[in-house]
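First up is the structure itself, then whatever we jot down about it.
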Amino acid sequence: MKRTTYLAASLIVASMVAAMVGWSMAAGNFLVVVIAIPLGIIVVLACRAHVDVVMADERETRIRSKAALRTLEIITIGGAIAAVILYSYVVSVPLAPVITGKLVIHDDSRQSMTITEYQPGSVPGPGTLVRSTTIDDLNSMNESEAMTYCTYVREGFRENEERGLAGLTLGFTLAVMLAVFGAFYLYYGRKY
Amino acid sequence: MKNRIRVLRAEHEMTQEQLAELVGVTRNTIISIEKDKYCPSLKLGFRIARIFNVDINDVFTYEDDKDGPASEDE
């Protein structure tokens, strides 16, 4: 088998496995996933064993090793910086939106409250206003006002929380990647 | 590390592809070795020497000035 045939066969097998996994997930039949993935790997390995030409030699291995190490270094440094920046949106006060609440007691003893959201790290003012809502009567607020009241702060911080979650996910992924690298490093260190 | 692979190949009327096949590497590896861009392993070095039926020292020459400890990473 030629190298191009092997690559084409691998591509077809990968596409078929992906389609089967997608279908099984949609259909809720998880048994197909358990069968399809190992079967796909076996087929690809069998094709690889029948390739006539040399697929990878010591130079190729060294190139891959160096490329993988450089990739790991860059991803680790870049990813750690990105994770810290993203997570800082959750804990940093200047990056969080400024939300103010103004309570007004009217002459008829009615209490109204205006909640206003301003741009992150800005001085509250008309130029930095993002949105504002007023609950006319705190003691007899209707359902939509109650909903607004409950979700206002959460809505304001949602973008920051999403970034924080992305930062945490990235940080966790980096930690797992480094742990796997460390495990393989120790394994090969003992082997050679 | 200097080598005489190109000369030995010419003497044996062997192409890069043929040599690569005989020692079990890709043609690109042979090209890189001939250009002194890649330093082969001892195993591959001995295999190449065996193909040409010569001593490994007749194929590869170690140059102290060039092959310092840092040369591997360059």
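Suppose the filter is surrounded by 14 or more Cβ atoms within 10 Å (Cβ to Cβ), farther than 27 Å from A:LEU69 by Cα and basic (Lys, Arg); does A:ARG163 pass it? When the stated conditions are applied, A:ARG163 passes them. Contact map, region A:1-20: first residue without any contact (Cβ under 8 Å) to a residue 24 or more places away in the chain, second residue surrounded by 13 or more Cβ atoms within 10 Å (Cβ to Cβ) and of a type in the set (Val, Ile, Thr), Cβ cut-off under 6 Å, separation 6 or more or different chains; pairs are A:MET20/A:VAL32. Tell me yes or no: at least one residue of region A:16-39 is within 30 Å of B:ASN28 (Cα to Cα), away from every other protein chain (no Cβ under 14 Å), open to solvent by 60 Å² or more (accessible area, probe 1.4 Å) and not in a loop (DSSP other than H, G, I, E, B). No: zero hits.
Taking the criterion of being in a helix (DSSP H, G or I) and open to solvent by 60 Å² or more (accessible area, probe 1.4 Å), the residues of region A:44-67 that qualify are A:LEU45, A:ARG48, A:ALA49, A:THR61, A:ARG62, A:ILE63, A:ARG64, A:SER65, A:LYS66.
For region A:104-126, a tally of residues being free of Cβ contacts under 8 Å to residues at least 12 places away in the same chain and part of a strand (DSSP E or B) returns 2. With the structure loaded, tell me whether A:GLU73 is within 24 Å of the chain's Cα centre (by Cα) and of a type in the set (Asp, Glu) or whether it fails that test. Answer is yes for this residue. Within this structure, A:THR128 passes the test of being modelled with pLDDT of 80 or more, closer than 28 Å to A:VAL84 by Cα and not basic (Lys, Arg). Return the total of residues in region B:10-45 being assigned to a helix (DSSP H, G or I), under 19 Å from B:ASN57 (Cα atoms), more than 10 Å from chain A (Cβ to nearest Cβ) and open to solvent by 30 Å² or more (accessible area, probe 1.4 Å). Qualifying residue count, region B:10-45: 3. Within region A:116-156, the set of residues being open to solvent by 40 Å² or more (accessible area, probe 1.4 Å) and among the polar types (S, T, N, Q) comprises A:GLN119, A:SER132, A:THR134, A:ASN139, A:SER140, A:ASN142, A:SER144, A:THR148, A:THR151. Evaluate the following for A:SER10: is it polar (S, T, N, Q) and within 14 Å of chain B (Cβ to nearest Cβ)? Spelling it out, it is not the case that A:SER10 is polar (S, T, N, Q) and within 14 Å of chain B (Cβ to nearest Cβ).
If the condition is being open to solvent by less than 50 Å² (accessible area, probe 1.4 Å) and either of a type in the set (Val, Ile, Thr) or touching a strand residue (DSSP E or B) at 6+ places or on another chain (Cβ under 8 Å) (or both), then region A:68-94 contributes only A:THR76.
Residue-wise test of (1) touching a residue at least 40 places away in the same chain (Cβ under 8 Å); (2) hydroxyl-bearing (Ser, Thr, Tyr); (3) closer than 24 Å to A:ALA96 by Cβ.
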position: A:LEU138; (1), (2), (3): no, no, no
position: A:GLU155; (1), (2), (3): no, no, yes
position: A:GLY167; (1), (2), (3): yes, no, yes
position: A:THR173; (1), (2), (3): yes, yes, no
position: A:MET177; (1), (2), (3): yes, no, no
position: A:TYR185; (1), (2), (3): no, yes, no
position: A:GLY189; (1), (2), (3): no, no, no
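Conditions tested, residue by residue: (1) more than 36 Å from the chain's Cα centre (by Cα); (2) of a type outside the set (A, V, I, L, M, F, W, C).
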site	(1), (2)
A:ILE105	yes, no
A:PRO126	no, yes
A:LEU129	no, no
A:ASP136	yes, yes
A:SER140	yes, yes
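The values are calculated or read from the model by the stated rules, or taken from the named source; none is laboratory data. Because the structure is a prediction, the values reported are computed rather than measured. Neighbour counts run over all protein chains shown; Cβ positions are idealised from the backbone, glycine included. Side chains included, ligands, DNA and RNA excluded: accessible areas come from the protein's heavy atoms. Shrake-Rupley method; radii C 1.70, N 1.55, O 1.52, S 1.80 Å.
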